[in-house]
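**Q** So that we are looking at the same thing, I have put the structure below in structure tokens.
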Amino acid sequence: MKKLPFKVWGLLPAHIIMALTLIIPIGIVIAVSFSTKGAYGGFDFIFTTQAYQKLLFSLGWTGELEFNPQYLIIIGRTLLLALLTTIICLLISFPTAYYIARRPSFQKTLLIYLVTLPFWVSMIVRVYGWLIILGNEGAIEKTLRFAGIAENIDSLLFNNGAMLIGMVYSYVPLMILPIFASIEKLDGSLLEASHDLYGNRITTLWKVIVPLTKPGMMAGAILVFLPCLGTVLEPTLLGGGKNMMMGNLISNQFGASRDWPFGAAIAVLLMSLVLISLTIQGIRAARSERREIV
């Protein structure tokens, strides 16, 4: 009997762990999404596509399917807020990371520590902090009144803007760190060469720094965009549960609504969006490597 090579049986424990903790659970979720809702919650293994139909249609008075965009609105809101969060985090993180990377060693270490400091505190505590800042008689409202900018201010909470602020605050460190790592690896001689060739700061930024730090920006965009798709705390606390996102919708289906097949269908859709994003990034990275080789 032919012996299996080490690269096969040596990785067997990792393959078993991946199967038990990743592949099999995902398969169960997919199977549940094609099941029938149980009479008292849960599900019955009776094949149906009703959960996916529910994403687009609802039953009318006559029992016919009618187009219902309510879940498409939630999906669109999720994608839009995740994209805006990623863009804002990128605009904040790039100059911040560049400044940190150009500081002396001691200052650089201290600043990186301050960037990662929020991760030492529970996410719930951080989001609750914004409830105090944005709430009635909060710091922002009192500041605007003191400055005479606005007298009668409606609540700054429970809207898309409050959710966006909370998401940017929560995930901006995930954008700063990979960009900082890319900038720190920059060869200083390339910047000097750009200036020697009469390139001003803007030219050096767009022609040298940005292209060379693009991998860090793309990594940061993935680290921010993907968690935003499934975020739950910000819509629940800062959105007041009125402006739902996909994470809340999934949580409600497995909880209060007890519609497990529909919750699983939304989870499968969310996983598909994540997979599509990672695939697009992988294709772009592969094409970029081919251009560099050529």
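The values are calculated or read from the model by the stated rules, or taken from the named source; none is laboratory data. Since the model is a prediction, treat every value here as computed from it, not as a measurement. Using ideal geometry, Cβ is built from the backbone for each residue, glycine included, and neighbour counts are taken over all protein chains shown.
**Q** Sort out which residues of region 3-30 are surrounded by 12 or more Cβ atoms within 10 Å (Cβ to Cβ) and within 18 Å of Ser251 (Cα to Cα), and write them in order of number.
**A** Selection gives Ile26, Val29, Ile30.
**Q** At pLDDT below 80 and at negative phi: is that true of Ala264 in this structure?
**A** no
**Q** Take Ser105 and tell me if it is at pLDDT 90 or above and hydroxyl-bearing (Ser, Thr, Tyr).
**A** So Ser105 fails the test.
**Q** Related question: For region 116-125, does any single residue satisfy the condition of being more than 30 Å from Leu186 (Cβ to Cβ), surrounded by 14 or more Cβ atoms within 10 Å (Cβ to Cβ) and not small (Gly, Ala, Ser)?
**A** yes
Let's see how each residue does on (1) in contact with a Lys or Arg (Cβ under 6 Å, 6 or more places away or on another chain); (2) within 25 Å of Val121 (Cβ to Cβ); (3) aliphatic (A, V, I, L, M):
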| position | (1), (2), (3) |
| --- | --- |
| Met163 | no, yes, yes |
| Tyr171 | no, yes, no |
| Ile176 | no, yes, yes |
| Leu197 | no, no, yes |
| Thr203 | no, no, no |
| Ile209 | no, no, yes |
| Gly220 | no, yes, no |
| Leu223 | no, yes, yes |
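**Q** Between a residue in region 154-171 that is part of a helix (DSSP H, G or I) and any residue that is among the small types (Gly, Ala, Ser), which pairs come within a Cβ distance under 9 Å, given they are 6 or more apart or on different chains?
**A** Pairs that qualify, where the first residue is part of a helix (DSSP H, G or I) and the partner is among the small types (Gly, Ala, Ser), are Asn160/Gly239; Ala162/Ser155; Ala162/Gly239; Ala162/Gly240; Met163/Gly239; Gly166/Gly239; Met167/Ala82; Tyr169/Gly129.
**Q** Which is closer than 21 Å to Pro227 by Cα, in a helix (DSSP H, G or I) and over 17 Å from the mean Cα position of the chain (by Cα), of Gly263, Gly247, Gly240?
**A** Gly263
**Q** Moving on. Would you please list the contacts, defined by Cβ atoms under 9 Å and residues six or more apart or on different chains, that run from a residue in region 59-70 that is within 16 Å of Thr49 (Cα to Cα) and in contact (Cβ under 8 Å) with a residue 12 or more places away in the chain to a residue that is acidic (Asp, Glu) and surrounded by 10 or more Cβ atoms within 10 Å (Cβ to Cβ)?
**A** none
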